[in-house]
Amino acid sequence: MAKATSNPLKYVLREDLIREGDRPGPVFIMLEGWACRYKILPNGTRQILAYLMPGDCCDLNIGLLDEMDHSIQVITPALVATVERTDMDAIMDKHRSIAKAMYIAQLVDEGTMRSWITSMGRRTSVERVAHLMCELYLRARNVGLEFEPELQLPLTQLLLADSLGMTAVHVNRILKMLRLSGAMTLKRGSLNIVDPAKLLQIAGFDENYLHRKIRRLA
């Protein structure tokens with residue numbers, strides 16, 4: 001079996017696991033906390049490419065490349081395990097079921113990126129925000145994150161803006177629209193989906209791109 005680090009590493013808020021241009025290292029596995037993939041443009045603006053939750057494995061095959069083409073940063077205090085790539089290769093060679101699960105997870109990542117591209121290109125602002133909320137809510141439920149009864153969603157309006165290609169002011173306006181519609185509220189890092197059917201309808205949400213059995217919002 002592959003071995004993770006005996007003492008998983010603790011990361012503080014906004015600390016990078018790895019940066020664009022770095023040579024790929026071990027495989028990162030999120031144990032606690034959230035992280036994001038991102039790129040910094042020449043003008044200094046940031047585009048967030050994906051969110052990582054507990055259980056997510058980062059960049060299984062990136063070791064085939066000479067350098068990272070994006071950065072990964074924690075957006076909460078986090079606990080992260082690492083597995084050396086030689087160990088990961090060995091476990092996937094020896095255990096076909098684990099290899100299959102890892103490849104499916106990678107396909108889900110690719111499907112999620114296609115969905116984000118579709119949002120950026122064709123969904124309206126309100127559809128874009130609603131769709132991301134549906135996706136994150138369902139992913140969080142699927143990995144067993146706690147709801148009390150709301151989901152603790154550690155995303156500031158600035159993070160959402162950098163994810164959705166919008167300004168923070170515009171995100172604030174859209175969140176107010178969704179609150180007034182009775183579909184959902186997002187405040188102080190807590191997501192409450194008040195009317196699941198309405199939010200799903202606004203988003204035009206179809207979870208098939210997640211390629212896994214998940215529990216519906218309702």
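From the list E110, E135, E67, which residue is over 16 Å from M30 (Cβ atoms), under 15 Å from the mean Cα position of the chain (by Cα) and loosely packed, with under 14 Cβ neighbours inside 10 Å?
Numbers: E135 fails: loosely packed, with under 14 Cβ neighbours inside 10 Å; E67 fails: under 15 Å from the mean Cα position of the chain (by Cα).
Just one listed residue meets the conditions, E110.
Please pick out the residue among I193, I104 that is β-branched (V, I, T) and buried (at least 16 other Cβ atoms within 10 Å of the Cβ). Break it down into steps so the answer makes sense when it comes.
Working: I104 fails: buried (at least 16 other Cβ atoms within 10 Å of the Cβ).
Of the residues listed, the single one that is β-branched (V, I, T) and buried (at least 16 other Cβ atoms within 10 Å of the Cβ) is I193.
Return yes or no: is M92 surrounded by 14 or more Cβ atoms within 10 Å (Cβ to Cβ), modelled with pLDDT under 90 and closer than 19 Å to D56 by Cα? Walk me through how you get there before you give the answer.
Numbers: surrounded by 14 or more Cβ atoms within 10 Å (Cβ to Cβ): yes; modelled with pLDDT under 90: yes; closer than 19 Å to D56 by Cα: yes.
For M92, the condition - surrounded by 14 or more Cβ atoms within 10 Å (Cβ to Cβ), modelled with pLDDT under 90 and closer than 19 Å to D56 by Cα - is met.
Do we have I29 as among the hydrophobic types (A, V, I, L, M, F, W, C), crowded, with 19+ Cβ neighbours inside 10 Å, within 24 Å of P154 (Cβ to Cβ) and in contact with a helix residue (DSSP H, G or I) (Cβ under 9 Å, 6 or more places away or on another chain) here?
So I29 fails the test.
In the range 148-167, is there at least one residue being within 15 Å of G55 (Cα to Cα) and not assigned by TED's automatic domain parsing to the domain that holds C58? First the steps, then the outcome.
In the first step, residues of the range 148-167 are kept if they are within 15 Å of G55 (Cα to Cα); the result is none.
Taking every residue of the range 148-167 in turn, none turns out to be within 15 Å of G55 (Cα to Cα) and not assigned by TED's automatic domain parsing to the domain that holds C58.
For the range 87-144, give me each residue that is among the charged types (D, E, K, R), in contact (Cβ under 8 Å) with a residue 60 or more places away in the chain and assigned to a helix (DSSP H, G or I).
Just the residues of the range 87-144 that are among the charged types (D, E, K, R), to begin with: 87, 89, 93-94, 96, 100, 109-110, 114, 122-123, 127-128, 135, 139, 141.
Those left that are additionally in contact (Cβ under 8 Å) with a residue 60 or more places away in the chain: 87, 114, 123, 127, 135, 139, 141.
The answer is D87, R114, E127, E135, R139, R141.
Are any residues in the range 177-189 part of a strand (DSSP E or B) and either in contact with a His (Cβ under 7 Å, 6 or more places away or on another chain) or exposed (fewer than 15 other Cβ atoms within 10 Å of the Cβ) (or both), and if so, which ones?
The one that is part of a strand (DSSP E or B) and either in contact with a His (Cβ under 7 Å, 6 or more places away or on another chain) or exposed (fewer than 15 other Cβ atoms within 10 Å of the Cβ) (or both): K187.
The values are calculated or read from the model by the stated rules, or taken from the named source; none is laboratory data. Values in this document were obtained by computation on a predicted structure and should not be read as measured data. So basically every Cβ, Gly included, is an ideal-geometry build from the backbone, and we count neighbours across all protein chains shown.
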